[in-house]
Amino acid sequence: MTPDRLDRFARHIVLPELGGAGQARLVQAHVVLVGVGGIGNPALQYLAGAGIGRLTLIDDDDVDLSNLQRQTLFAPDDIGHPKVEVAARWAARFDPALTIVAHRVRLDAGSAAQLLAGADVVLDGTDAFATRLAVADACVALGVPLTSAALGRFQGQVGNFAGHLPDQACYRCFVGDAFDATDCDTCADQGVLGAMVGMVGAFAAMQALRVVTAGVSTLGDPQWGRLHVIDGLTPGLRTMRIPKDPECRTCHA
Ligand SMILES: [Zn+2]
């Protein structure tokens with residue numbers, strides 16, 4: 001790293017839990033972000049801030065006025081423009097050294113493998129169950145770890161999954177098969193407090209950074225199959241272990 005880059009990441013490098021080796025790994029990493037909405041906005045900001053070298057953004061949505069309550073990358077003159085394009089412009093200005101690739105598409109089971117291949121970790125912050133399961137299934141098939149993040153109202157859920165490993169659960173082990181066909185409740189139906197998406201998106205970025213730095217730092221404990229449930233009302237955090245489902249159609253051997 002150049003002196004400029006060392007300066008930029010000095011507060012990371014000085015952390016014994018991350019260090020120069022951890023930062024070097026972040027700079028080499030490729031993270032795919034599925035969904036550039038409520039969770040994706042803060043996740044992108046902290047992943048870019050961490051110096052993740054290559055970021056791929058996938059989203060088919062345009063910025064809407066009602067997004068501005070929680071999606072802090074967007075401003076009124078972005079309304080009507082594709083979220084991936086606005087987000088990619090932000091990232092390019094924030095750190096020109098990063099490689100940003102934007103796909104304005106809705107990921108589905110047919111396109112997932114091609115879009116996610118080559119990622120070191122996929123961070124899924126979409127709100128449609130069919131999309132979330134398509135992402136999760138493709139991750140298992142590709143052998144790519146998944147940071148899955150979701151929220152509604154005042155509760156968030158964030159977990160790292162490595163269903164391609166023999167003893168680790170995948171996301172489908174957690175949610176089952178019931179949600180493939182229909183979209184689940186969305187923020188439009190349920191409502192969501194803006195600051196909650198900041199908490200959950202930043203937490204998801206943190207969990208993705210653990211995956212990326214596994215093996216080169218003590219921060220890098222991926223905590224596979226542990227689902228962190230964030231309650232914004234109380235507030236509080238509890239963690240549950242998701243066991244591998246021996247009958248899971250996605251990840252059973
Ligand atoms: Zn599974």
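The values are calculated or read from the model by the stated rules, or taken from the named source; none is laboratory data. All values reported here derive from a predicted model rather than from experimental measurement. A quick note on method: Cβ atoms are made from the backbone with ideal geometry, for glycine too, and the neighbour counts reach across all protein chains shown.
Quick look at the numbers
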read-out	value
Flag if Ser111 is of a type in the set (S, T, N, Q) and more than 14 Å from the ligand (Cβ to nearest atom)	yes
Qualifying positions in region 114-129 - more than 22 Å from Gln71 (Cβ to Cβ) and either assigned to a loop (DSSP other than H, G, I, E, B) or not aliphatic (A, V, I, L, M) (or both)	Gln114, Ala117, Gly118, Ala119, Asp120
Single unsatisfied condition, Asp59 versus (1) surrounded by 15 or more Cβ atoms within 10 Å (Cβ to Cβ); (2) more than 27 Å from Pro222 (Cβ to Cβ); (3) of a type in the set (Asp, Glu)	(2)
Within region 198-253, considering residues that are assigned to a strand (DSSP E or B) and surrounded by 14 or more Cβ atoms within 10 Å (Cβ to Cβ), the one farthest from the ligand (Cβ to nearest atom)	Ile230
Exclusive hit being of a type in the set (A, V, I, L, M, F, W, C) and crowded, with 16+ Cβ neighbours inside 10 Å, set Ala75, Ala92, Ala97, Ala50	Ala50
Qualifying residues in region 138-178 (those that are hydrophobic (A, V, I, L, M, F, W, C), touching a Leu at 6+ places or on another chain (Cβ under 9 Å) and more than 14 Å from the ligand (Cβ to nearest atom)) - the one modelled with the lowest pLDDT	Phe154
